[in-house]
1. Those residues that are surrounded by 14 or more Cβ atoms within 10 Å (Cβ to Cβ), closer than 27 Å to residue B:79 by Cα and among the hydroxyl-bearing types (Ser, Thr, Tyr), I need them from region B:115-131; list them, please.
2. Which condition does residue A:24 not pass, out of (1) touching a helix residue (DSSP H, G or I) at 6+ places or on another chain (Cβ under 8 Å); (2) modelled with pLDDT under 95, if it passes all the others?
3. Condition check: touching a helix residue (DSSP H, G or I) at 6+ places or on another chain (Cβ under 9 Å), at the interface with chain A (Cβ under 8 Å from one of its Cβ atoms), farther than 17 Å from residue A:68 by Cβ and surrounded by 15 or more Cβ atoms within 10 Å (Cβ to Cβ). Does residue B:112 satisfy that?
4. All but one of (1) under 25 Å from residue A:69 (Cβ atoms); (2) more than 10 Å from chain A (Cβ to nearest Cβ); (3) open to solvent by 10 Å² or more (accessible area, probe 1.4 Å) hold for residue B:52, so report the exception by its number.
5. Please go through region B:34-84 and pick out each residue that is assigned to a strand (DSSP E or B) and over 14 Å from the mean Cα position of the chain (by Cα).
6. Select from region A:68-87 the residues that are under 11 Å from the mean Cα position of the chain (by Cα), open to solvent by less than 20 Å² (accessible area, probe 1.4 Å) and more than 17 Å from residue A:22 (Cα to Cα) and write down the one among them that is farthest from the other protein chains (Cβ to nearest Cβ).
7. Restricting attention to region A:10-39, report how many residues are open to solvent by less than 10 Å² (accessible area, probe 1.4 Å) and under 16 Å from residue A:97 (Cα atoms).
8. Could you pull out the residue among B:73, B:99, B:83, B:63 that is within 13 Å of another protein chain (Cβ to nearest Cβ) and over 22 Å from residue A:117 (Cβ atoms)?
Amino acid sequence: MGSSVKSSSPFTTHVLNTGDGVPAVRMALSLHRLDPRTAIWNLITIGNTDEDGRCPGLITSDAFTPGMYKVRFETAQYWESLGLSSFYPYVEIVFSVSDADQSCHVPLLVSRYSFSTYRGS
Amino acid sequence: MNRLQHIRCHMLAYKNMNIATTLPSPLTTHVLNTAKGVPGANMTISLHRLNPISSEWYLLTTGITNDDGRCPGLITKESFIAGVYKIRFETGKYWDALGETCFYPYVEVIFTISDPSQKYHVPLLLSRFSFSTYKGS
């Protein structure tokens, strides 16, 4: 489901473990789009971050239409795999895409007790 | 405004919100508009608790941040039990009221309260294209 696309996904993410100063490797995440008619979130892709904290091939250009999206990061699961607790069971970032021709980068900088994100390129 | 007047204002706010409490909420938030370097005032927020059996979110409180970006009286000590909570910040509406767009229609911060005898502070530092939060005190 979107893990081996040749052209790069117009939507990308990058997860950094700011507690340890390393990429967050093997964090499960999922991308969803809101159906405005039903107000239901539709799952587009699930994946895991690679050794660099990235997850290529999240969505194709064709599928990346304007709308409301969310990316959910399984942060607690990640910290648990490192034997640590954290404040957040998961992180969801909900964002609006108005111009789907532009590439959209939504990174997550996460520690056990904080997180931040920004719209990158 | 001196400190006594400040406290009196908070007490009146509690009355108006029908929250019969004289103790500060064990859970607080603070919204900062990092783009303008000012508190995030007049932002609608809501506090919810997850029902672990039904997996549904139960709305506990709605409020609007004051001029200092804070929203006193979010929850009483009695209601503050261990569990999973979320604060939803109406960021899209906030920026819309300032005549600007925002990348985030809303921000939800979901967090786990393991020890409700402690105080928890969940601030939001926000611009049109970024936000951050941390577990404070």
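The values are calculated or read from the model by the stated rules, or taken from the named source; none is laboratory data. The structure presented is a predicted model; accordingly, all values stated were derived computationally and were not measured. All Cβ positions, glycine included, derive from the backbone under ideal geometry; neighbour counts span all protein chains shown. These accessible areas exclude ligands, DNA and RNA; they are computed on the full protein's heavy atoms, side chains included. Shrake-Rupley method; radii C 1.70, N 1.55, O 1.52, S 1.80 Å.
1. B:120
2. If we test residue A:24 against (1) touching a helix residue (DSSP H, G or I) at 6+ places or on another chain (Cβ under 8 Å); (2) modelled with pLDDT under 95, just (2) comes out false.
3. Working: touching a helix residue (DSSP H, G or I) at 6+ places or on another chain (Cβ under 9 Å): yes; at the interface with chain A (Cβ under 8 Å from one of its Cβ atoms): yes; farther than 17 Å from residue A:68 by Cβ: yes; surrounded by 15 or more Cβ atoms within 10 Å (Cβ to Cβ): yes.
In short, yes.
4. It is condition (1) that residue B:52 fails.
5. Within region B:34-84, B:38, B:50, B:51, B:56, B:57, B:58, B:83, B:84 qualify.
6. A:71
7. 3
8. Exactly one residue qualifies, and that residue is B:83.
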